[in-house]
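Contents: one structure, followed by commentary.
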């Protein structure tokens, strides 16, 4: 009997030690793991240390993504400089131009022109969404923002760019993202225009 009590006491002590160790590990981790990404600087605004962290997963051929653009713009303007905002790619499989659009945006980012292309692709969707030759329109946009042609062409031909975009989509899927637009605001997920509007309005007061 005493031996059973001793074994039980030892078991309880081991469980408590394990719980303390887990607690220590969690205390040192980012409470919002969705924000842990090392290569985000080219597609982000604000300090990663800001108290408000907003991530948007986007498909450039998604009309609802274009519709939430002014909502996000307004929210960022109200919260500046206390907000960190980052765009990530989630090209939907059924949208034929979305992966290539993200490729163009990523190549522009490498020349410090991501936000110009980001806005062009969303605000002028009607110019390219229904076209077979969307690439022609994308090239016109690049001419407008004056990218450096040679490194840009090399980037467009680089297959690893699209592989990285698809890897980012897979990471998003593992976080529970299934459609666009999807945002994470300090770890809280909202999907679709109305849900995003509601979350942003709720946290604006």
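Structural remarks
- Restricting attention to the range 146-163, the residues that are touching a helix residue (DSSP H, G or I) at 6+ places or on another chain (Cβ under 7 Å), farther than 10 Å from residue 103 by Cβ and part of a helix (DSSP H, G or I) add up to 1.
- Looking only at the range 164-184, residues that are touching a helix residue (DSSP H, G or I) at 6+ places or on another chain (Cβ under 7 Å) and either more than 16 Å from residue 40 (Cβ to Cβ) or free of Cβ contacts under 8 Å to residues at least 24 places away in the same chain (or both) come to 2 in all.
- The sole residue among 164, 186 that is under 22 Å from residue 72 (Cβ atoms), surrounded by fewer than 19 Cβ atoms within 10 Å (Cβ to Cβ) and within 15 Å of the chain's Cα centre (by Cα) is 186.
FYI, it's all coordinate maths here, none of it is from the lab. Computed from a predicted model, the values in this text were never measured in an experiment. Cβ: placed from backbone, ideal geometry, glycine included. Neighbour counts: every protein chain shown.
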